[in-house]
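All remarks here apply to the structure that follows.
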Amino acid sequence: MNSKTKRYDLTVWNMVQVPVMGIRKDPKAPQSLTHWVASYPRTMLFPSTYALPNYLHKHYKINHYLLDDDDMLAIKHITADTPGFKWTNESVTGFASLENFMRLVLTIPGNYQQKKLYMRMIPALQMGETRNRVARVFVDEVALMIPLLKEQQGEPLEDPKGVQEKLFKLLNHPEKAYCSTITLERLHELLCEYDIDKSLLSLVDDPVHIIGCKSFAQTGVHFKILNTVGTKMISREQAVLYMYETLICGVNWTGIDKEKKRVILETIFGCSVSEENCYILYIPFLKVILNLKKKNPEIYNTGDQWKDFLYLNKCPNDFVSPDDFKEITDDFDIDYFDNPFIRENLLPVWLVRAMLVLGWMNGIVRDESDLLKFVSNIIFVLVDALMPSVPPQDRQRIIDTGNAALELWLASSDSSESENEESPKEVLDANQPSTSQPQEHSSQGKEIPANIKHDEDKKNPVSKDSS
């Protein structure tokens, strides 16, 4: 597009971020990803599921988008205030997607106000003393909204679906099981490229992500969010943590066959080197874990007892005595990370969780030098995953603990192999994971775990018609 024709380069988007936003969960459905209300000055936000009565949710699945107060009034006018209105397949279609709802609102007699567009944002996060994670937005939502924004400013694209699919293909991971994100800088470039009036767009810290982070900090349990079609997905970091806690933690690895250890570590490694800042569809990912547990009943025959030892669902600021902590590490033959702080102080639950997660790695790689090639990348992602659960002033301590653990494990390998490993300090302080990888992944650091595949085209986040 010729730069002379661009009118909106200097426009700015609106920002709605956590410091000015409050979120209330529905006490009747505390675990739901679609029962909450977010509020900020003069506005309230709701998930799109609030457009339909509860009894219809069992029969219809609608896309995930954000509604505000004006939208809720419009819904009331279209449904409850309209004589003879009935919920049918046709009437539900008007609310089934953001595009449909935008156009439905404009059919209200006397209404000339367009629906405001809200794009969900994963907020920035301080990662220790040397790194920050910048704010990002979802590729599927970017691809969806650019044609809609052009339509709202009175300049509809000739082929909006084609542009949407082109953007999605350009920006997203090639595997359908993955949903990529981009930085706000890249978003700004795209909006300028398409000459979009950015004042029509509001970027909102994703309420589901915020709820998930708070829950994770309180309970230590992984969290999920939703893509634009309302399908559950999980970040790469949370996926690696959940996989690791489920498959590694809670097991005494002494005497277990090395080949079984290798397969399990290789699976987690495959996830850890997938695209950074990427999300994975939850159901295909969960099947990978379940299949591994099913294939190894002799390892995972203790049910979910491991949860007790990671103090999940315990208050993060409760305390654990050094003796209790040492009893767990002795029972499972994992690293104690012996130091004066641990010997002399009560330990907060959030710290115990982190140290047990990191310490359990030694239980599986001890005396297995050829398994050490998996360690650096997995530990890097685990440390990143733990950050939302760690008080900001203590995050560097977790990084330092990870460094200490790597030094211990890598020092235990043969000197010839140790010379080929990247410095542990560089691994966790760098902005990217280690490039020390097993031979089969050495050509690139973003390979796809072979078992995490998505074969349901109808849930493609671009459109139900795309292949």
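The values are calculated or read from the model by the stated rules, or taken from the named source; none is laboratory data. Remember, it's a predicted structure, so these values are computed and weren't measured experimentally. Glycine gets a Cβ as well: all are built from the backbone with ideal geometry, and neighbour counts include every protein chain shown.
Within the bounds of region 32-41, is there any residue that is among the small types (Gly, Ala, Ser), more than 21 Å from the chain's Cα centre (by Cα) and outside any strand (DSSP E or B)?
No: region 32-41 contains no residue that is among the small types (Gly, Ala, Ser), more than 21 Å from the chain's Cα centre (by Cα) and outside any strand (DSSP E or B).
Does region 129-151 contain any residue that is on the phi > 0 side of the Ramachandran plot and assigned to a loop (DSSP other than H, G, I, E, B)?
Within region 129-151 (the criterion being on the phi > 0 side of the Ramachandran plot and assigned to a loop (DSSP other than H, G, I, E, B)), the answer is no, since none of the residues qualifies.
Could you say whether any residue in region 193-216 is over 28 Å from Leu67 (Cα atoms), of a type in the set (Asp, Glu), under 13 Å from the mean Cα position of the chain (by Cα) and crowded, with 21+ Cβ neighbours inside 10 Å?
There is no residue in region 193-216 that is over 28 Å from Leu67 (Cα atoms), of a type in the set (Asp, Glu), under 13 Å from the mean Cα position of the chain (by Cα) and crowded, with 21+ Cβ neighbours inside 10 Å.
Any idea which of Asp71, Asp140 is surrounded by 13 or more Cβ atoms within 10 Å (Cβ to Cβ), in contact with a Lys or Arg (Cβ under 8 Å, 6 or more places away or on another chain) and of a type in the set (D, E, K, R)?
Asp71 is the lone residue from the list that is surrounded by 13 or more Cβ atoms within 10 Å (Cβ to Cβ), in contact with a Lys or Arg (Cβ under 8 Å, 6 or more places away or on another chain) and of a type in the set (D, E, K, R).
When you scan region 162-192, how many residues do you find that are in contact (Cβ under 8 Å) with a residue 40 or more places away in the chain, buried (at least 20 other Cβ atoms within 10 Å of the Cβ) and in a helix (DSSP H, G or I)?
The number of residues fulfilling the criteria is 4.
Please give the helices (runs of 4 or more DSSP H) falling wholly within region 347-461 in which 2 or more residues are surrounded by 18 or more Cβ atoms within 10 Å (Cβ to Cβ), at pLDDT 50 or above and touching a strand residue (DSSP E or B) at 6+ places or on another chain (Cβ under 7 Å).
Helices (runs of 4 or more DSSP H) meeting the threshold: 349-365.
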